[in-house]
Every structure is written in structure tokens, then in C-alpha cells.
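A.B. asks: Starting off with a structure, shown below.
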Amino acid sequence: MKKIIYLLPLLLLVSCSKDFTLDIAGMFSPQGPVVNTRFEQSIAYNDSVGEIHLDMGSDTYSIYVCTDSHITKKTHKNLDYFMAQYNAAAQPKLALHLGDLIDAQENMPCADSVLSIGGVVVNKQPAPSQPALFTTTGNHDIYFYQWKEWRSYFHTSTYWFDTRNGSKKLDLFICLDSAEGEIGTKQMKWLKNLLEEKSKEGYRRIIVFTHTHLWKLDSSQGHTSNMALEATYELSYLLAQNHVESVWSGHQHARQLVNYKGVEYRVLNATKDQEQGQSYMIADMGETIEYRYINYPKK
């Protein structure tokens, strides 16, 4: 009871602030379309545009990965830096953003200009040698009734694509929507069917990327800190059973590596400007994956 009494003045102070960005209701219950609805809308879009196959022209290529940029109209220097480094890198390459692109309300429009640096194509089949970025939604992207607007920019939060060298299949990537801290029954069924099908097709590895990690570090993110125990068990079993090599996620703003049942779970640092000591990841893809972590410039 004392904690609630102490918390009330803080909530009143924040809610009266000119720069109010805290969605109190969203921290306790999803605001806007829930995961099953977002999944259905994403799959409908995927079906309308067809499968995405990236011809890398080589068995080796690089993936630039960042997460939790939390951009506002004034703060997106780290994301600008990440995109500039990605665009300057040699081909073949692609990039991933693992969610929480924006920080709060009315910040989505500035994401369009940031992510369009160098003509990057987002969540679509790019032209040959055109920079491509794939992203999923995080809790901050949907807390503030932003799903409809996020979707208008990025179209889909659940999908798959693969990389190839001519007709030779290389790696399979599966993007999951975990913005609410859950996968949902429909998305889980889709994932099960997809893994059963694709795990037999001769890919050298399967990688899953999403926003919310499976293994809880602390409770700082409220109900979205991590998935429910039952969902974690079901999902981790499914991934291990189908020989997924690695799962990449963000959300916690702290790097972590967990190995469970033969699957590697990598949680990345944040890209948020206001946090010091943060980094992004470069995964050099070949017969094995070599991981590098690049610190953002000090402020």
C-alpha cells in the first residue's frame, strides 16, 4: 500500500508534464489491436506481396542489427549513426531493427525520414544491391495507439525471408511480433507449421528475431518484461525441436547471452540516445557466425 501511495504523486507529476509520454493504461493492458489481430493483418500483407528471397551473390555477408532506438523528433543520433554505418558498409549486407523504434506519441513520422537514409527498403523485396532493413514492432511502438501508423510505414510485424547465393539456399530468418510480451495462439500455430516445413529445406541455419526476450533479467518493463512461463516453455521447445540456431531480441537495454537446449539467445544493447555505453551488433554470416559489437560514439 505504501508503494502505491508514494507512486501516485509521481504519476500525477508525470501526467501534468508538458512532455508527457507515459501511457499508464498501456503498461497494464494492451491499447489497440492485440497480437492475434496484428498477426492476421501482417499475414494478409505478406500474402499480397509474395515471398522475399534475397540473393546475396555470396555465401558470406553481414547483418547490421540494432534495437530500442526510442527516437523522438529531437533524439535519433544513434539511429542516424547506425544507418550511416550500414549504408557505408560493403555489400552484401542487410539490416535488422528489433523494435521500440519510437519512444512515444507523434514520433512515428520522424522514423520515416531516419530510416529512408540512402534509399533503404523496409520489410520488402529490395532491388539488387539496394540496402534493405527488416524490422518488427516493440511495446513502445504499440503502447500509444501507434500500431495503425506503424503498419502504414512498415506493413508487417510477422513474416519470414531467406538469403540465397543464386539457387543455393543460405539462411532463413523468421520475424515474430512479441510487442505485448506474448506470441498469441495464431502466431504460434503459424510458426509451428513454418518451422516444420522450412527445417526440411536444407538451410544452413534458421534465425528468429523479435523484440521481447524469453529469459527474464528483471521486472523493469512491467507485464512485457518477458513472456509467460507457459509460452516460454512452448516456444523454446519448438525452436529447439526444429534446430533454430539463434534468437535475436532487445527490449531489456542490456546485452545477454543464454544457451538453452542447443539454441542461442542473444539480447542486444539499446540504440537510445540518452543511454551511455550502448552498442549495435554486426553478424558476419558464413559457415559459422562471427559476432561483433560496435559502441555508439560518446556524447
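A.B. asks: Among the strands (runs of 3 or more DSSP E) lying completely within segment 238-287, list those that include at least 2 residues that are within 26 Å of residue 91 (Cα to Cα). Break it down into steps so the answer makes sense when it comes.
C.D. replies: Numbers: elements: 246-249, 256-260, 263-267, 279-285.
Result: 246-249, 263-267, 279-285.
A.B. asks: Still on this structure, I have one more. Quick check on segment 288-299: of everything there that is in a loop (DSSP other than H, G, I, E, B) and of a type in the set (D, E, K, R), which residue is most open to solvent (accessible area, probe 1.4 Å)?
C.D. replies: The initial filter retains those residues of segment 288-299 that are in a loop (DSSP other than H, G, I, E, B), namely 288, 296-299.
Retained after the next criterion (residues that are of a type in the set (D, E, K, R)): 298-299.
Details: 298: 189, 299: 129 Å².
Result: 298.
A.B. asks: Being within 19 Å of residue 262 (Cβ to Cβ), at pLDDT 95 or above, of a type in the set (Ser, Thr, Tyr) and within 21 Å of the chain's Cα centre (by Cα), is that true of even one residue in segment 210-229? Show your work before the answer.
C.D. replies: Let us first name the residues in segment 210-229 that are within 19 Å of residue 262 (Cβ to Cβ), namely 210, 213-215.
This time we only want the ones that are at pLDDT 95 or above, so: 210.
Restricting the remaining residues to those that are of a type in the set (Ser, Thr, Tyr) gives 210.
Now drop any that are not within 21 Å of the chain's Cα centre (by Cα), which leaves 210.
Among the residues of segment 210-229, at least one is within 19 Å of residue 262 (Cβ to Cβ), at pLDDT 95 or above, of a type in the set (Ser, Thr, Tyr) and within 21 Å of the chain's Cα centre (by Cα), which makes the answer yes.
A.B. asks: So is residue 140 under 14 Å from the mean Cα position of the chain (by Cα), on the phi < 0 side of the Ramachandran plot and open to solvent by 10 Å² or more (accessible area, probe 1.4 Å) or not?
C.D. replies: yes
A.B. asks: Listed residues 270, 254, 283; which is under 16 Å from residue 101 (Cα atoms) and either among the aliphatic types (A, V, I, L, M) or at pLDDT 95 or above (or both)? Working first, answer last.
C.D. replies: On the way: 254 fails: under 16 Å from residue 101 (Cα atoms); 283 fails: under 16 Å from residue 101 (Cα atoms).
Just a single option satisfies the conditions, and that option is 270.
A.B. asks: State whether the residues of segment 86-107 include one that is within 18 Å of the chain's Cα centre (by Cα), more than 29 Å from residue 181 (Cβ to Cβ) and open to solvent by less than 50 Å² (accessible area, probe 1.4 Å).
C.D. replies: Initially, segment 86-107 is screened for residues within 18 Å of the chain's Cα centre (by Cα), giving 86, 93-104, 107.
Remaining after also requiring more than 29 Å from residue 181 (Cβ to Cβ): 93.
Right, trim to open to solvent by less than 50 Å² (accessible area, probe 1.4 Å) and you get 93.
Yes.
A.B. asks: Another question about this same structure. Among the residues of segment 65-77, is any among the small types (Gly, Ala, Ser), open to solvent by 30 Å² or more (accessible area, probe 1.4 Å) and touching a residue at least 24 places away in the same chain (Cβ under 8 Å)? Reasoning before the result, please.
C.D. replies: Restricting attention to segment 65-77, the residues satisfying the condition of being among the small types (Gly, Ala, Ser) are 69.
If we keep only those that are open to solvent by 30 Å² or more (accessible area, probe 1.4 Å) too, we end up with none.
No, every residue in segment 65-77 fails to be among the small types (Gly, Ala, Ser), open to solvent by 30 Å² or more (accessible area, probe 1.4 Å) and touching a residue at least 24 places away in the same chain (Cβ under 8 Å).
A.B. asks: Do you know which of the residues in segment 34-59 that are within 20 Å of residue 180 (Cβ to Cβ) and of a type in the set (Gly, Ala, Ser) is surrounded by the fewest Cβ atoms within 10 Å (Cβ to Cβ)?
C.D. replies: Filtering first and then ranking leaves 44.
The values are calculated or read from the model by the stated rules, or taken from the named source; none is laboratory data. Fair warning: this is a prediction, and the values are worked out from it, not measured in the lab. Neighbour counts run over all protein chains shown; Cβ positions are idealised from the backbone, glycine included. Note: areas computed on protein heavy atoms with side chains; ligands, DNA, RNA excluded. Shrake-Rupley method; radii C 1.70, N 1.55, O 1.52, S 1.80 Å.
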